[in-house]
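Read-outs: derived from the displayed coordinates by stated rules, not from any lab. Worth saying up front: this structure is predicted, and the values here are computed from it rather than measured. We place every Cβ from the backbone using ideal geometry, glycine too, and count neighbours over all the protein chains shown.
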Amino acid sequence: MILSDIDIKEYLKSGRLFIENFSEDRIRAAWVDLSLGNEFKIFKMTKHPYIDVREPIDNTETVVLDVDDTFILHPGEFILGHVKESITIPDDLAAYVDGQSSLGRIGMVVHITAGFVDPGFSGRLTLEMTNVGKLPVLIHPGMKICKLVFFKLSSPAEVPYNKRKDPKYLNQKTVEASMIHKDFNKTMSS
């Protein structure tokens with residue numbers, strides 16, 4: 001079941017769902033609009049011929065913008081960004097990140113994969129953004145960037161994200177690069 005605006009307001013009022021830096025006018029019929037943060041990770045050219053997902057590698061450069069600055073997303077460019085709002089999802093809800101239709105219509109993909117947000121997640125969502133259009137797109141910190149749709153679980157999760165022994169991205173406050181290598185370290189030592 002997808003939560004309606006009424007349900008979202010009830011979860012927020014009870015404090016079970018928490019969205020920091022958020023105003024109620026961002027609540028829509030069946031989702032909340034989230035805004036773009038001011039930090040980005042840009043992928044650099046490296047001497048490495050490939051990325052081995054078993055090894056830690058961060059071939060990114062962090063860019064932090066002032067509130068009035070803009071970021072130019074060039075055609076074919078892939079970057080990581082984050083939402084301005086920090087969220088905490090209770091163990092009986094899950095969520096899904098979806099891009100704004102208006103941005104998709106100009107060729108900007110706001111979230112490529114991993115749109116599912118686990119029950120028990122807390123932190124700022126990292127966005128995987130790319131421009132598949134023909135022209136550069138100017139994006140602005142604070143602009144509406146995506147929507148978050150909430151789903152009610154049939155029962156609370158037995159082991160939500162915040163109670164897992166290995167939550168890689170729990171309580172992230174900045175844009176985090178991939179930590180997929182931790183999956184291999186864990187399985188290889190077992």
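Bridgeable aspartates and glutamates around residue 41 (alpha carbons under 14 Å apart, same-chain partners fewer than 8 residues away excluded): 58, 61, 77, 128, 176.
Listed by chain and number, the lysines whose C-alpha is less than 28 Å from the C-alpha of residue 9, apart from same-chain residues fewer than 8 away, are 84, 144, 147, 152, 163, 173. Just one of (i) 28; (ii) 17; (iii) 24 is percent of Cα pairs over 30 Å apart as worked out from the coordinates here. Which one is it? Answer label, from the structure shown: (iii). Close amide H pairs (under 5 Å, H built 1.01 Å from N) link residue 60 with 44, residues at least 5 positions away or on another chain.
By the rule of a C-alpha distance below 17 Å, with chain neighbours fewer than 8 residues away ignored, the lysines paired with residue 168 are 182, 186.
For the range 30-38, 3J(HN,Hα) computed residue by residue from phi via the Karplus equation (6.51, -1.76, 1.60; θ = phi - 60°) reads 9, 6, 10, 7, 10, 10, 6, x, 10 Hz, glycine and proline entered as x. The modelled label-to-label distance between residue 155 and residue 70, using points 7 Å beyond Cα along the C-beta direction, is 5.3 nm.
Database remark: amide H of residue 84 closer than 5 angstrom to the amide H of 35, 36, 37 (H placed geometrically; neighbours at sequence offset of 5 or more, or on other chains; Pro and chain starts carry no H).
Charged neighbours of residue 78, selected by a Cβ distance under 11 Å, balance to -1 (K, R count +1; D, E count -1).
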